[in-house]
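The values are calculated or read from the model by the stated rules, or taken from the named source; none is laboratory data. The structure displayed is predicted, hence computed values, not measured ones. Every residue, glycine as well, gets a Cβ built from its backbone with ideal geometry; the counts of neighbours run over all protein chains shown. Note: areas computed on protein heavy atoms with side chains; ligands, DNA, RNA excluded. Shrake-Rupley method; radii C 1.70, N 1.55, O 1.52, S 1.80 Å.
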2 protein chains.
Amino acid sequence: VDIYRCPRCSNSYPMSEPRWVCDCGSPLELESPGPLEKDGLRGQEFTLWRYVAVLPIRRGEDIVSLGEGWTPLVPLEPQSSGIYVKLEFTNPTGSFKDRGASVLVSKLKELGVREVVEDSSGNAGAALAAYCARAGIDCHIYAPAYTSPGKLRQIPAYGADLVLVEGSRKDTAQAVLAAASKTYYASHVYNPLYLEGTKTVAYELWEQLGWRVPRVVVMPIGHGGMLLGIYKGFSELLHAGYIGSLPRLVGVQARACAPLAEAFQRGASEPVPVEEGATAAEGIKIVEPVRGVEILAAIRQTGGACLAVSEEEIEEAGSELGRRGFYVEPTSAAALAGFERLRSQGPMEEKTVIILTGSGLKAT
Amino acid sequence: VDIYRCPRCSNSYPMSEPRWVCDCGSPLELESPGPLEKDGLRGQEFTLWRYVAVLPIRRGEDIVSLGEGWTPLVPLEPQSSGIYVKLEFTNPTGSFKDRGASVLVSKLKELGVREVVEDSSGNAGAALAAYCARAGIDCHIYAPAYTSPGKLRQIPAYGADLVLVEGSRKDTAQAVLAAASKTYYASHVYNPLYLEGTKTVAYELWEQLGWRVPRVVVMPIGHGGMLLGIYKGFSELLHAGYIGSLPRLVGVQARACAPLAEAFQRGASEPVPVEEGATAAEGIKIVEPVRGVEILAAIRQTGGACLAVSEEEIEEAGSELGRRGFYVEPTSAAALAGFERLRSQGPMEEKTVIILTGSGLKAT
């Protein structure tokens, strides 16, 4: 434990050094904790820190929390038949990214990091800005200058420094990498501590369903931070012997940008190169998911699926969620669209969970 | 119990008839439940329905829930000295109004109401629209035609019918009253079932503080729905003998529209007539709070206070909250502004709670 491990070249690094990527360029992974005592597994907190026993933070005073996690699990339809939605949009900054940011920033506090850079104009940027504010860490968020101003209001509200970069998205990526040579790159894409945060969703679902595993979990995937976190959490529970099987993990992409769904269809083990089209589901418009190999393997291992939905299906699913009382961003609506596609192909199993990742108020 | 009582003319009505106002024009009240068994007080739910034992809903199948309540209580500052913020903005529609809407709509479902009208373009309108969607009740929300379109996106997202009325705010009020003669007026201002929802904040604070009462609770007040609900909840706990005293309740208004703060200053028992000025704190820009007499009495009985803060103080408090990781609407920032004013006048007691009522994403 407390070691970053590279899944591709098998190099490893101690967590005591701030590091976001392997020397070989691959994203890193973290070992899972050893055998868990069920008695000590669940704490008193009604946040994700309820599961601090399985998180890589050693001292309670390093925890940087804004009340994230322990989000409601609600039937999709009133008196429904075992189809649930997990309301990740009720997290403090309005998305599931708070989970990863809370764990990552707690670790950075432990390590004494004082300043970070990150490139995200969306949910991840807002979450990092909020948790850095809480921890007193200087936060610089890089975004393309063409990003719509409405989208960028939340980040400076947390006191973060917003760096607008002229040119293409690649220019922004280069600018943040240049900055990362001098300070810490708190990448929500590369850093495996993000997955430690999202893995708590698995523990929560297990507890909320009466210590039972869901049969299917459906969610949007771009870089796959939610899917890989959930996979890790349920894998830990399986290895500890608390559950007998993994749920089927279903990742949903927008047809306009579906490198993983394409790969899944073709039986490929790596994401397929695609041309990026226009989609309302901005949170999953990811052409090159850096953990694509691991995502496809996890989906296949669980007997899950990866599918792509159209803009019309996303829009219709957003309306359907609204009519059920849930106001979410299009990225989250994509998950329901994927679920509806599956349901149209045959009855869905009981204990299916659909993850609603982000608030509709963000898209307003 | 199960009876609406008028605090002014002492008339009473059975709750089995849908009714929103006394024949004398006064808002109605609800009796508190009889002696509570502490063992049966707290349920298993991690929503406000945890406290269903003290709520006027008889059948579980009538409960209309989207996962509201049981919101995080977080230290204002990390490792802080007993000053907390209650994150009501993490409720499903982004504000504390979900509490009242959940209880009210549950009752309407019990009564078989199929259609409602309401006049609110803000948090209350969004909350009612969401819960009516969940319950399958037709919902018509009246708002002045001049309301900014951005503010009104959330309401139709829940499938509610948005009725834009030309003319002044009074024209909208008249239009909804005309409609109320033919259907049910689900008024967040008049209906005492809203206060049943907000009273659960008191029960939650009591439990979250380890079954102890906070010393001071600070919140924004317009119509006083949060303050009167909290007052009712703690009063029930006091009468049941579970707590030894009430917390001091502090209501904060914007100086631009402060009929209650003015009255409190002058020692008056009724709201003072004021001219409405411009304020960013739209949620508390209320010239004539219909329960003003009861609000002033509650504040005085608890040894609390009512104060008015300037636009500059509201803006500065909003920035301060952002720098601590909380992105809230200006109405909520007003509460912190009031707290900072009190703190500048002397040290604040431990176990002070500041209620953060609505999400900053709504104001974006």
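Worth pointing out:
- For trypsin sites (Lys or Arg not before Pro), the sites in segment B:178-219 that DSSP calls loop and that have at most 13 other Cβ atoms within 10 Å are B:LYS182, B:ARG212.
- Spin-label proximity, B:LYS182 to segment B:109-128 - amide N less than 20 Å from point 7 Å beyond Cα toward beta carbon: B:113-120
- Unmatched cysteines, chain A - criterion: no other Cβ of a Cys under 4.7 angstrom: A:CYS257, A:CYS306
- Global form of segment A:268-364, assessed from the alpha-carbon gyration tensor, a/c cut-off 1.5: oblate
- For the axis carrying chain A to chain B: nearest C-beta residue of A, whole Å: A:LEU361, 2
- Solvent-accessible area buried by A and B, counting both chains, probe 1.4 angstrom, square angstrom: 3000 Å²
- The stretch between A:ASP2 and A:LYS170 holds 57.2 nm of extra length on full extension. This uses 0.36 nm per residue minus the Cα-Cα distance.
- Tensor-based shape of segment A:1-142 (alpha-carbon gyration tensor, a/c under 1.5 rounded, otherwise prolate or oblate): prolate
- Check: segment A:218-328 dipole with +1 on Lys, Arg Cβ and -1 on Asp, Glu Cβ, in debye: 500 debye
- Global form of segment A:84-229, assessed from the alpha-carbon gyration tensor, a/c cut-off 1.5: prolate
- Once the Cα-Cα distance is subtracted from the 0.36 nm per residue extended length, the B:GLU77 to B:LYS38 segment shows a gain of 10.8 nm.
- Of all stretches in chain A that contain no GluC sites (Glu not before Pro) in a DSSP loop with at most 10 other Cβ atoms within 10 Å, the longest one is A:38-165.
- This model, with +1 at the C-beta of Lys and Arg and -1 at the C-beta of Asp and Glu, gives the protein assembly as shown a dipole about its Cα centre of some 880 debye.
- Antiparallel content of DSSP bridges confined to chain A, in %, to 5: 25 percent
- FRET efficiency for the pair A:ALA53 and B:GLU275, taken as 1/(1 + (r/R0)^6) with r the Cβ-Cβ distance and R0 = 41 Å, rounds to 0.10.
- Listing of segment A:128-142 residues, each with accessible area lower by at least 20 Å² in the full protein assembly than in the chain alone (probe 1.4 Å): A:ALA133, A:ARG134
- Ranked order, A:SER10, A:SER120 - accessible area, probe 1.4 Å, largest first: A:SER10, A:SER120
- Cα centroid separation - segment B:48-101 against segment B:281-308, whole Å: 22 Å
- Across the identical copies, the label point of A:SER148 (7 Å from Cα in the Cβ direction) is separated from its matches by 1.5 nm, in order from shortest.
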